[in-house]
Amino acid sequence: LLDISWYTESMKAGHPVEILDRHKLQEQQVDESKEVESIVPSYACQRRTTLENHNTVFTDALSLLAENAELSDEDGRGVAFRRAAAVLKALHSPVTDLLQLRGLPCLGGHSLRVIKDVLENGASSEVEFTKQSERFKALKVLTGIFGVGAKTAERWIREGIHSLPQLQDSAHTLNRAQQAGLEHYDDLNQPVTKAEGDTIGEIVAKAVMSVLPGAQMTLIGGFRRGKLTGHDVDFLITHPEEGREVGLMPKVVSWLESKGFLLYQKTTRNSYLESKDGPARPSSNMDRFERCFSIFKLPEDAKQGTKQTETLTEDTPEDTCSLTTPSLVKDEGSESTKRANLKPWRAVRVDLVVSPISQFAFALLGWTGSKLFERELRRWAGHEKAMSLSSHALYDNTQSKYLRASSEEEIFAHLGLEYIPPSERNA
Ligand code: DCT
Ligand code: MG
């Protein structure tokens, strides 16, 4: 039997988790499926999901189908696959028989078919077919360019553009982000390590401290959840005195730019106003903080952990920031790989977010992820608690008031959820 050490009511009270034993359940003459369902909570934010995944063979398959759906403007299907994958990620042992899945939530017919295929044939034919499809391959290559979303990629594919050289040869004018994305394509498609993230953290902290002493900075996103690699590095910045954080981002960006650390940056202003915007709308909650999307230039020596960043940047010619390098893309990256190996730095995506201290706990919770965990928190708040949760605030629709919080623990408590630490939010 599958060992599903699930989160029972007793666990909410801090007791050890129960091991599911179907035979025992039968002996107790309970309705098996109902019992299991009540044992396995259906919202990812009610479960503890560590990075230890015993079912990668299934979750990789489901995640690929989720990705394909998301890239194809089928978000509903995407979420269904993500939820199914998340349930399997939270299991404490490998699934070896379909029967073990009876009663688990979020496993729809389609996901079960995929799992069955993998169990019986070692792979899912649908996943293999998708992986081989020209459309999926083109969507992956094109959305691999920083600044290119599914919609743009889709449009290009309809025009017959499937590869970087084809894009390069086309008459399309790329925006500034896409040009930078294309130039640093190979670097940006290489995972960022925790060590690189830490080094960048030291540099950003130095920038923050020199422009606003007393400001605080926290690593957020996947690295806060304990991941060893990521596609970018995310930081949240605040100041213990409300209002002192205003205008901070441009100063941090100027400092970093003056030292030659930024290959690209775009800052968006904070546009969230509680009085004006009212209860946060989930669709827009990612966009309203003062936020900087950047491509960081991480010097090689700093990459290896030595802290010579000051000296290194003085040696770094500013013209490496130039945005057009057509030759890089002609042969699908081999030239740029060559150059990547020679150049004494690598490009890394870095996101900076500034939040007022009054919203800090909400920002921290909202930016720690995972994406599915966040989505599930908001769904739980709305559907189960009649509340609206965003990265700015929590609004209680029943009481018609905002619920304040200065820690993540308080927000979980407001939501009637057991506190889940970042390392267990890897749904
Ligand atoms: N986030 C979210 N919804 C989104 C995008 C982001 O809730 N649509 C939150 C959750 C994670 C956090 O913002 C940072 O986003 P990413 O960097 O995309 O996620 P990550 O978990 O840090 O992934 P990676 O490790 O690959 O960077
Ligand atoms: Mg991230």
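Couple of notes before you dig in:
- Spacing of the two label points (7 Å from each Cα toward its C-beta) at M209 and A413, in nm: 3.3 nm
- In a fully extended conformation the segment linking D198 and S254 would gain 18.1 nm over its present Cα-Cα distance, using 0.36 nm per residue.
- Here the gap between E242 and S271, fully extended at 0.36 nm per residue and compared with their Cα-Cα distance, gives a gain of 8.8 nm.
- Taking label points 7 Å from Cα along the Cα-to-Cβ direction, H383 and T56 give a separation of 3.0 nm.
- Average Cα contact separation per residue, the range 144-231, under 8 Å, 6 or more apart, as relative contact order %: 33 percent
- Hull volume in cubic angstrom per residue (convex hull over the Cα atoms of the range 172-267): 118 Å³
- Restricting the range 207-261 to GluC sites (Glu not before Pro) that sit in a DSSP loop and have at most 16 other Cβ atoms within 10 Å of their own Cβ leaves E241, E242.
- Label sites at E120 and H231, each approximated as a point 7 angstrom past Cα along Cα to Cβ, lie 3.3 nm apart.
- Peptide ranges 356-367, 143-154 listed from the most packed, as the mean C-beta count within 10 angstrom indicates: 356-367, 143-154
- Multiplying the residue separation of K371 and E128 by 0.36 nm and removing their Cα-Cα distance gives an extension gain of 85.0 nm.
- Given charges at Cβ of Lys, Arg, Asp, Glu: the range 90-152 dipole, positive-most of G108, T143, F129: T143
- When the P(r) is computed for the range 93-243, the part past 27 Å accounts for 54% of the Cα-Cα pairs.
- Under conditions of 37 °C and 0.692 mPa s, the range 65-147 yields 235 µm² s⁻¹ as its translational diffusion coefficient, taking Rh as the Kirkwood radius over Cα pairs in the Stokes-Einstein equation.
- Computed packing ranks the peptides 49-55, 132-138, 398-404 as 49-55, 132-138, 398-404, most packed first, by mean other Cβ atoms within 10 Å.
Rule-based calculations on the coordinates, nothing more; no lab input. This structure is a prediction, so every number in the text was calculated from the model and none was measured. No Cβ is skipped: glycine too gets one built from the backbone with ideal geometry, and neighbour counts run over all protein chains shown.
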